[in-house]
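Laboratory data are not the source of any read-out in this text; all were calculated from the coordinates shown. None of these values were measured; they are calculated from a predicted model. A quick note on method: Cβ atoms are made from the backbone with ideal geometry, for glycine too, and the neighbour counts reach across all protein chains shown.
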Amino acid sequence: MFEHRWRLFRLFGFEVSIDPSWILIALLVTWSLAEGYFPSALPGHGKGLYWIMGVIGAVGMFVSIIFHEFCHSIVARRYGLPMKGITLFLFGGVAQMGDEPKSAKVEILMAAAGPAASIVLGGIFFAFFQLTRNLSGAIPELLAFLAVINWILAAFNLLPAFPLDGGRILRSILWWTKKDKSWATSTASAIGVGFGWVLIILGVLHMLKGNFLGGVWYALIGMFLGAAARSQGAVQEARSQFQRRKVSDLMTDDPVVLPADATIREVLEDHLLKQDFKFYPVVQDGRLAGCISTKTIKQTPPEQWDATKVMERAQSCGRSNAVSPDASAAEALKTMQDNSLRRLLVVRGEKLEGVVTLRDILGEKAWIEKIDGVAD
Ligand SMILES: [Zn+2]
């Protein structure tokens, strides 16, 4: 959904963007305020005033949504989560996280920050409304509108439907009580999907009663919520599967190895001309005897090629290029990234069980990112 976002400005290091759909919503909001809401709330004025109020009301709503998302982002950053930015789209805003919260406590604080900010901002607008209500006219009317809009924003986001804030709070409570994030996510997503259905049914009932436009809005929001909850649930599930996926499921179990008594010439002719590896495992009597880098092999002077055995030049393999078969795909990926390697030995004790490559792991990860793209 965010592929075509337009960047607006940067604020305290956060990039604020809008989805093109928001332009349509902004026009629709301005129009319905200028032609419908303000003329009935404050009758007896000219069209011009209502349009000015409509624009100010829409801008105020826009600023209120940014403020809401901004408070999520501030708390997220406070707990070390990388924030990509804030994007305003069809039904409000989304603070884009680069990562998932690490604990239930962080998630609850982050999720609650937005609605709390909206409730407080609504309260501030309400206080100013109280101070100016004797003036009667455009200013108190606008202040009252902005107070209510912020409270509606808080109330809507507090619906216990994941991935709305209320759904995230629900998930963190479930996560905290059962200590199982995966279960908490699927439960919260299922409740979100259920909420979507309830809204769709309410929409249909409204339509049957003759309130067609109102019914369409209920149904649209219901469909949006249901779809968001389903795809968020799928992404979370795939993420946790990737965390749980073991290296032994992804590795190749008959890797290229060098026998300890092979000469440098044999290795040069049989392997280095054909493969592009940074290092080779050296095996003696079925166990891992050491590792030799391609660089070491190439640096051997030609007059020593026939007399030197690879084992003489091999070194111990070390932790940086090996991983346990029980390690997770995510751990293997991190070891590769930390040591800029594309291939790791899979070693248990002294036994070489296989080799896992970046491609094996990325193949698994690409699948997850594909679903992730859909979820956005
Ligand atoms: Zn929020």
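Some values worked out for this structure:
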{"item": "Residues in segment 223-261 that a label on Lys178 would reach, taking backbone N under 19 Å of a point 7 Å out along Cα→Cβ", "result": "229-244"}
{"item": "Charge sum, other residues only, whose C-beta stays under 13 Å from Ile169's C-beta, Lys/Arg counted +1 and Asp/Glu -1", "result": "+1"}
{"item": "Calculated SAXS-style log₁₀ I(q)/I(0) at q = 0.09, 0.10, 0.15 Å⁻¹ - the chain, Debye, Cα scatterers", "result": "-0.68, -0.77, -1.28"}
{"item": "Debye intensity ratio I(q)/I(0), log10, segment 233-332, q values 0.10, 0.15, 0.24 Å⁻¹ (C-alpha model)", "result": "-0.37, -0.67, -1.25"}
{"item": "Estimated inter-spin distance, Gln299 and Leu24, nm [label 7 Å along Cα→Cβ]", "result": "6.3 nm"}
{"item": "For peptides 5-11, 261-267, sequence by mean Cβ density within 10 Å, most packed first", "result": "261-267, 5-11"}
{"item": "Under Karplus coefficients 6.51, -1.76 and 1.60, residue-wise ³J(HN,Hα) of segment 156-163 in Hz, glycine/proline x", "result": "4, 5, 8, 4, x, 10, 4, x"}
{"item": "Length added when fully stretched, Gln315-Phe224, from 0.36 nm per residue minus Cα-Cα", "result": "27.0 nm"}
{"item": "Net length gained if the chain between Leu135 and Asp276 were fully extended (0.36 nm per residue, minus Cα distance)", "result": "42.8 nm"}
{"item": "Cβ crowding within 10 Å averaged over residues, with 279-286, 300-307, 61-68 ranked highest first", "result": "61-68, 279-286, 300-307"}
{"item": "Calculated FRET efficiency for the pair Asp326/Glu266, C-beta based, R₀ 56 Å, to 0.05", "result": "0.95"}
{"item": "Net length gained if the chain between Asp306 and Ala127 were fully extended (0.36 nm per residue, minus Cα distance)", "result": "55.5 nm"}
